[in-house]
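Asks: Pasting a structure below so you can have a look.
The values are calculated or read from the model by the stated rules, or taken from the named source; none is laboratory data. Just so it is clear, the model here is predicted, and its values are computed rather than measured. Note that we place each Cβ from the backbone using ideal geometry, even for glycine, and neighbour counts take in every protein chain shown.
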Amino acid sequence: MQQVTGALGGRKAVITGAASGIGRGILEAFVREGATVLAVDLPSGQWETSNVVENGVARLAVDVTLADAPARVVEAARNMLGGIDILVNNAGISPAGDVETTSDEMWSRVMALNVDAVFRLTRAAVPFLKQSGSGRIINTGSIMSEIASPSIIAYVTSKHAVAGMTKAMAMDLGQYGICANFLQPGAIVTPLSEAHMADEQYVAHWKRKIPLGRLGEPDDIGPVAVFLASDAARYVSGEGLRIDGGAAFNA
Ligand SMILES: NC(=O)c1ccc[n+]([C@@H]2O[C@H](COP(=O)([O-])OP(=O)(O)OC[C@H]3O[C@@H](n4cnc5c(N)ncnc54)[C@H](O)[C@@H]3O)[C@@H](O)[C@H]2O)c1
């Protein structure tokens with residue numbers, strides 16, 4: 001039975017990269033607020049397609065960079081949820097490489113997931129978002145959507161692209177009442193950032209930079225995504241929201 005109370009009561013959401021880190025934080029926050037969610041992630045021993053909605057969640061195991069992934073995701077959303085009100089394009093990777101060491105293969109892999117898959121899945125979801133009446137697109141950018149950091153050139157480029165793409169989506173889809181915004185997490189402790197977190201200098205650098213004095217957790221992101229998905233943010237579109245403890249303005 002679908003819950004109709006909560007900030008997202010009765011809403012149908014798709015979240016990519018929902019098995020781990022920030023995506024899982026968003027998934028848990030959405031379910032707490034009454035949304036029914038199609039949670040999408042790579043197939044693995046721990047992540048298989050569920051074919052049922054259980055405790056507000058149906059799982060779909062698919063690589064979102066595959067050519068047929070957008071069609072598979074929207075088809076599953078139609079079958080399992082009955083539509084899409086909220087699309088959260090969150091899956092992303094951040095392999096290390098600077099301008100000299102980044103290979104063509106690494107560059108293409110980052111763009112395929114962090115940029116192309118966001119565009120292609122959104123395009124496939126638009127007919128459903130139009131029908132929603134309160135359609136929301138939430139893309140996971142980064143504070144690297146507006147600043148740079150050493151040795152992640154493909155990632156920084158891709159997250160700047162997410163900012164531009166989200167603003168363009170807001171322009172194109174506003175006429176249908178669809179809001180498009182992007183999250184800008186700072187240094188958040190997740191499996192993606194694990195390698196960096198093992199580097200004491202990296203952690204010390206960020207702690208110095210963050211006025212709030214601590215690294216972020218996925219639980220710091222979920223409620224902000226809930227806000228952007230909710231009626232409270234119905235007049236917010238084309239916006240990037242920093243969730244970084246204040247790091248980005250502290251040059
Ligand atoms: N952790 C941070 O400090 C940080 C900061 C800013 C932005 N972000 C962004 O947040 C998002 C989530 O990152 P995270 O830190 O939670 O990472 P994470 O590695 O914990 O989670 C990413 C999830 O995406 C999934 N995924 C990867 N490739 C996929 C594919 N091809 N198809 C489907 N799913 C796929 C992974 O299996 C994983 O579950 C990313 O877009 C990342 O760039 C993270």
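Asks: Give Ala154, Ala204 a once-over and let me know the one that is without any contact (Cβ under 8 Å) to a residue 24 or more places away in the chain, among the small types (Gly, Ala, Ser) and either under 27 Å from Asp104 (Cα atoms) or not in a strand (DSSP E or B) (or both). Before you say what the answer is, go through the steps one by one.
Replies: Details: Ala154 fails: without any contact (Cβ under 8 Å) to a residue 24 or more places away in the chain.
After ruling out the rest, the residue left standing is Ala204.
Asks: Identify, please: which residue in segment 220-238 is more than 12 Å from the ligand (Cβ to nearest atom) and charged (D, E, K, R) and is, among those, nearest to Gly174 (Cα to Cα)? Outline the logic, then answer.
Replies: Going through segment 220-238, the residues more than 12 Å from the ligand (Cβ to nearest atom) turn out to be 223-224, 226-238.
So of that shortlist, the ones also charged (D, E, K, R) come out as 231, 234.
On the way: Asp231: 15, Arg234: 11 Å.
Among them, the one singled out is Arg234.
Asks: Determine which single condition Leu87 fails, assuming it passes every other condition in (1) over 26 Å from Phe249 (Cα atoms); (2) touching a His at 6+ places or on another chain (Cβ under 8 Å).
Replies: With respect to (1) over 26 Å from Phe249 (Cα atoms); (2) touching a His at 6+ places or on another chain (Cβ under 8 Å), Leu87 is out only on (2).
Asks: Consider Leu60 carefully, then state whether it is buried (at least 17 other Cβ atoms within 10 Å of the Cβ) and not β-branched (Val, Ile, Thr). Step through it out loud before you land on a result.
Replies: Values: buried (at least 17 other Cβ atoms within 10 Å of the Cβ): yes; not β-branched (Val, Ile, Thr): yes.
In short, yes.
Asks: Can you tell me which residues in segment 98-117 are over 9 Å from Ser158 (Cβ atoms) and either β-branched (Val, Ile, Thr) or out of contact with any strand residue (DSSP E or B) (no Cβ under 9 Å at 6 or more places or on another chain) (or both)?
Replies: Those that are over 9 Å from Ser158 (Cβ atoms) and either β-branched (Val, Ile, Thr) or out of contact with any strand residue (DSSP E or B) (no Cβ under 9 Å at 6 or more places or on another chain) (or both): Val99, Glu100, Thr101, Thr102, Asp104, Glu105, Ser108, Arg109, Ala112, Asp116.
Table: residues versus (1) at pLDDT 95 or above; (2) near the ligand (Cβ under 9 Å from one of its atoms); (3) in a loop (DSSP other than H, G, I, E, B); (4) within 27 Å of Ala112 (Cα to Cα).
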site	(1), (2), (3), (4)
Met1	no, no, yes, no
Gly6	yes, no, yes, no
Gly25	yes, yes, no, yes
Glu28	yes, no, no, yes
Thr49	yes, no, yes, yes
Asp63	yes, yes, yes, yes
Pro70	yes, no, no, yes
Ala77	yes, no, no, yes
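Asks: Might you check whether a residue that is touching an Asp or Glu at 6+ places or on another chain (Cβ under 8 Å), modelled with pLDDT of 95 or more and buried (at least 24 other Cβ atoms within 10 Å of the Cβ) occurs anywhere in segment 152-162?
Replies: No, segment 152-162 contains no residue that is touching an Asp or Glu at 6+ places or on another chain (Cβ under 8 Å), modelled with pLDDT of 95 or more and buried (at least 24 other Cβ atoms within 10 Å of the Cβ).
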